[in-house]
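Undergrad: One structure, as structure tokens, below. Some questions next.
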Amino acid sequence: MILTEGKTKQIDCIDQILPIRDALDVISGKWKVLILTSIMRDNRRFTEIQRSIPKINPKVLAKELKDMEEHQLIQRIVHEDNLGLIEYVATDYSRSLKNVMMELHNWGVNHRKQLLGK
């Protein structure tokens with residue numbers, strides 16, 4: 001419990017912060033949220049995702065897609081029957097981030113208003 005004194009308070013604080021850090025590590029960076037949003041909006045092919053995100057480098061996109069697949073946020077589907085067509089789809093697990101992303105969006109809008117008056 002956080003309200004206790006001494007070392008227990010410090011350990012409990014770390015225990016509460018670690019899951020937040022883990023979550024931020026998975027979705028942080030310049031591109032991951034943009035890529036996930038693109039895929040959730042039915043951009044399934046590499047080129048569709050790349051076109052939907054201005055200025056993303058193909059090498060960076062490939063690396064981020066692989067990382068997101070390892071974290072089970074997306075699934076890579078190879079269609080052997082269609083000349084090796086590859087698609088990326090959001091997993092149910094990644095869809096559980098939708099409310100988190102909306103809350104971060106709302107917080108960001110309010111933060112801009114707080115700092116910039118916009």
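The values are calculated or read from the model by the stated rules, or taken from the named source; none is laboratory data. Given the structure is predicted, the values throughout are model-derived calculations rather than measurements. Glycine also receives a Cβ, built like all others from the backbone with ideal geometry; neighbour counts cover every protein chain displayed. Keep in mind that these areas ignore ligands, DNA and RNA; they rest on the heavy atoms of the full protein, side chains included. Shrake-Rupley method; radii C 1.70, N 1.55, O 1.52, S 1.80 Å.
Undergrad: What value, in deg cm²/dmol to 500, does the helix sum -39500 (n - 2.57) over DSSP H runs of n ≥ 4 give at 222 nm once divided by the residues of the chain?
TA: So the calculated ellipticity at 222 nm is -19500 deg cm²/dmol.
Undergrad: Of V26, V109, V78, which is farthest on the positive side of the dipole of the chain, counting Cα position, with +1 on Lys and Arg Cβ, -1 on Asp and Glu Cβ, and the Cα centre as origin?
TA: V109
Undergrad: If you don't mind, there's one more thing I want to ask. Can you give me the accessible area per residue for the chain, using a 1.4 Å probe, in Å²?
TA: Ligands and nucleic acids excluded, the result is 77 Å² per residue.
Undergrad: Given (i) 18.4, 64; (ii) 16.3, 57; (iii) 17.9, 57, which label gives Rg and Dmax of the Cα atoms in Å as computed from the coordinates?
TA: Checked against the structure: label (i).
Undergrad: Please report, as a whole percent, how much of the solvent-accessible surface of region 67-118 comes from carbon and sulfur atoms (probe radius 1.4 Å).
TA: In region 67-118, the share of accessible area belonging to carbon and sulfur is 51 percent.
Undergrad: HN-Hα J couplings of region 34-51 from phi, Karplus 6.51/-1.76/1.60, θ = phi - 60°, integer Hz, Gly and Pro as x?
TA: 5, 5, 4, 4, 4, 5, 5, 9, 6, 8, 9, 8, 3, 5, 5, 5, 4, 5
Undergrad: Over 19 Å apart: what share of the alpha carbon pairs of region 66-118 falls there, rounded to a whole percent?
TA: 53 percent
Undergrad: At a 10 angstrom cut-off on C-beta neighbours, averaged per residue, how do the peptides 32-39, 90-97, 52-59, 108-115 rank from highest to lowest?
TA: Sorting 32-39, 90-97, 52-59, 108-115 by mean packing, highest first, produces 32-39, 90-97, 52-59, 108-115.
Undergrad: Another question, if that's okay. Let me check against my output: what whole-number percent is the relative contact order of the chain, with C-alpha pairs under 8 Å and at least 6 apart?
TA: The value is 17 percent.
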